[in-house]
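Here's a structure for you.
The values are calculated or read from the model by the stated rules, or taken from the named source; none is laboratory data. From a predicted model like this one, the values you see are computed outputs, not experimental measurements. Cβ: placed from backbone, ideal geometry, glycine included. Neighbour counts: every protein chain shown.
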């Protein structure tokens with residue numbers, strides 16, 4: 001094992017308060033949490049991708065400006081965080097346009113990447129790729145290539161694909177035969193640290209490029225509310241709050257194994273060129 005491997009680092013910038021009745025009255029935590037991620041990357045001289053919900057961009061344009069000012073990639077995470085299976089073509093197109101308007105108004109510049117809410121790109125919602133291409137997107141990272149309690153596309157496979165001109169970069173699964181879970185979110189937080197380290201070390205030995213994802217709330221140890229639909233103190237609520245203080249140390253652990261953090265966009269361009277050349281042969 002020599003050199004460094006790439007860890008595609010991303011934050012899905014969403015605000016769970018907005019899914020609660022009256023949630024806007026609670027303290028806004030997203031700007032401070034985004035700054036925590038920015039500081040983490042700043043101290044290491046590395047870049048990442050921030051997939052931003054349009055509603056968050058309108059409420060907190062200063063967070064978008066801060067991301068852009070430090071040279072990180074900004075992508076689309078829908079306008080109001082509605083999964084793809086609850087939209088149709090027309091509503092999806094309007095949602096993307098509203099998101100792009102919000103991001104550009106906040107100073108995002110070019111937006112080439114998209115991530116579907118809840119990884120809701122599946123075999124039934126693949127019609128979305130045509131619309132992404134129509135609106136000028138270059139890539140998506142919207143597939144969880146395994147069964148999932150919410151959305152999963154087990155038949156997609158682990159490798160990127162070129163679909164309707166869009167490069168799809170599926171999120172990376174940890175190499176557990178008995179537990180095919182993604183590198184990110186709740187799973188990254190709650191897996192025993194030793195198991196996570198071993199899994200990441202295996203991916204590092206294989207020379208894998210890891211596509212990961214995280215959220216502002218994953219590092220929020222002061223959150224005053226529970227997610228919509230779950231009772232405070234319930235098992236799921238407790239699980240959603242678990243190990244929020246350990247995410248940044250776990251990311252540092254990934255770096256100690258030889259991973260280098262990087263944004264999605266440049267990697268997607270290289271993959272797209274390679275897949276396009278292969279298709280044209």
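Quick check on segment 119-142. Is at least one of its residues assigned to a helix (DSSP H, G or I), out of contact with any helix residue (DSSP H, G or I) (no Cβ under 8 Å at 6 or more places or on another chain) and touching a residue at least 40 places away in the same chain (Cβ under 8 Å)?
Within segment 119-142, the subset assigned to a helix (DSSP H, G or I) is 119, 128-134.
Within this subset, residues satisfying the condition of being out of contact with any helix residue (DSSP H, G or I) (no Cβ under 8 Å at 6 or more places or on another chain) are 119, 129-130, 133.
Cutting the leftovers down to touching a residue at least 40 places away in the same chain (Cβ under 8 Å) gives us 119.
There is at least one residue in segment 119-142 that is assigned to a helix (DSSP H, G or I), out of contact with any helix residue (DSSP H, G or I) (no Cβ under 8 Å at 6 or more places or on another chain) and touching a residue at least 40 places away in the same chain (Cβ under 8 Å).
Any idea which of (1) at pLDDT below 95; (2) at positive phi is the one residue 164 doesn't satisfy?
That leaves (1) as the condition not met.
Also: Where in segment 1-85 are there strands (runs of 3 or more DSSP E), lying fully within it, with 3 or more residues that are touching a residue at least 12 places away in the same chain (Cβ under 8 Å) and crowded, with 23+ Cβ neighbours inside 10 Å?
Details: elements: 5-8, 10-13, 49-52, 73-76.
Hits in segment 1-85: 10-13, 49-52, 73-76.
Now, a different point. Identify all residues within segment 132-155 that are buried (at least 18 other Cβ atoms within 10 Å of the Cβ) and modelled with pLDDT of 95 or more; write none if there are none.
Once the filter is applied, which keeps residues that are buried (at least 18 other Cβ atoms within 10 Å of the Cβ) and modelled with pLDDT of 95 or more, segment 132-155 yields 132, 137, 138, 139, 140, 141, 142, 143, 144, 145.
Ok, one more. Inspect segment 202-225 for any residue being modelled with pLDDT of 95 or more, touching a helix residue (DSSP H, G or I) at 6+ places or on another chain (Cβ under 8 Å) and surrounded by fewer than 19 Cβ atoms within 10 Å (Cβ to Cβ) and give the result as yes or no.
The answer is yes; a qualifying residue exists.
Looking at segment 118-152, which of its residues are in contact with a strand residue (DSSP E or B) (Cβ under 9 Å, 6 or more places away or on another chain) and on the phi > 0 side of the Ramachandran plot?
Result: 119, single match.
Taking residue 188 as the residue in question, decide whether it is modelled with pLDDT of 95 or more and out of contact with any strand residue (DSSP E or B) (no Cβ under 6 Å at 6 or more places or on another chain).
Numbers: modelled with pLDDT of 95 or more: yes; out of contact with any strand residue (DSSP E or B) (no Cβ under 6 Å at 6 or more places or on another chain): yes.
In short, yes.
Taking the criterion of being modelled with pLDDT of 95 or more, touching a strand residue (DSSP E or B) at 6+ places or on another chain (Cβ under 8 Å), within 23 Å of residue 263 (Cβ to Cβ) and assigned to a helix (DSSP H, G or I), would at least one residue in segment 106-117 satisfy it?
no
Got a sec? Which of 127, 178 is modelled with pLDDT of 95 or more and surrounded by fewer than 19 Cβ atoms within 10 Å (Cβ to Cβ)?
Working: 178 fails: modelled with pLDDT of 95 or more.
After ruling out the rest, the residue left standing is 127.
Let me ask something additional. Please verify whether segment 109-127 includes one or more residues that are more than 22 Å from residue 161 (Cα to Cα) and over 16 Å from the mean Cα position of the chain (by Cα).
If we filter segment 109-127 for residues that are more than 22 Å from residue 161 (Cα to Cα), which is where we start, we get 109-110.
Pick out the ones that are also over 16 Å from the mean Cα position of the chain (by Cα) and you get 109-110.
Yes; the residues of segment 109-127 include at least one that is more than 22 Å from residue 161 (Cα to Cα) and over 16 Å from the mean Cα position of the chain (by Cα).
Out of 97, 93, I need the residue that is farther than 30 Å from residue 249 by Cβ, touching a helix residue (DSSP H, G or I) at 6+ places or on another chain (Cβ under 8 Å) and assigned to a helix (DSSP H, G or I). Which one?
Values: 97 fails: touching a helix residue (DSSP H, G or I) at 6+ places or on another chain (Cβ under 8 Å).
Sole residue among the options that is farther than 30 Å from residue 249 by Cβ, touching a helix residue (DSSP H, G or I) at 6+ places or on another chain (Cβ under 8 Å) and assigned to a helix (DSSP H, G or I): 93.
Among the residues of segment 143-162, which ones are assigned to a strand (DSSP E or B) and over 17 Å from the mean Cα position of the chain (by Cα)? First the steps, then the outcome.
In the first step, residues of segment 143-162 are kept if they are assigned to a strand (DSSP E or B); the result is 143, 161-162.
If the condition is that a residue be assigned to a strand (DSSP E or B) and over 17 Å from the mean Cα position of the chain (by Cα), then 161, 162 are the ones that fit.
Pick out the one residue from 272, 265 that is crowded, with 16+ Cβ neighbours inside 10 Å, touching a strand residue (DSSP E or B) at 6+ places or on another chain (Cβ under 6 Å) and within 25 Å of residue 34 (Cα to Cα).
Numbers: 272 fails: within 25 Å of residue 34 (Cα to Cα).
Testing whether each residue is crowded, with 16+ Cβ neighbours inside 10 Å, touching a strand residue (DSSP E or B) at 6+ places or on another chain (Cβ under 6 Å) and within 25 Å of residue 34 (Cα to Cα) leaves just 265.
A follow-up question, please. Inside segment 163-180, can you point out the residues that are under 9 Å from residue 139 (Cα atoms) and in contact with a strand residue (DSSP E or B) (Cβ under 8 Å, 6 or more places away or on another chain)?
From segment 163-180, those under 9 Å from residue 139 (Cα atoms) are 165-169; that's our starting set.
166, 167, 168, 169, listed by residue number.
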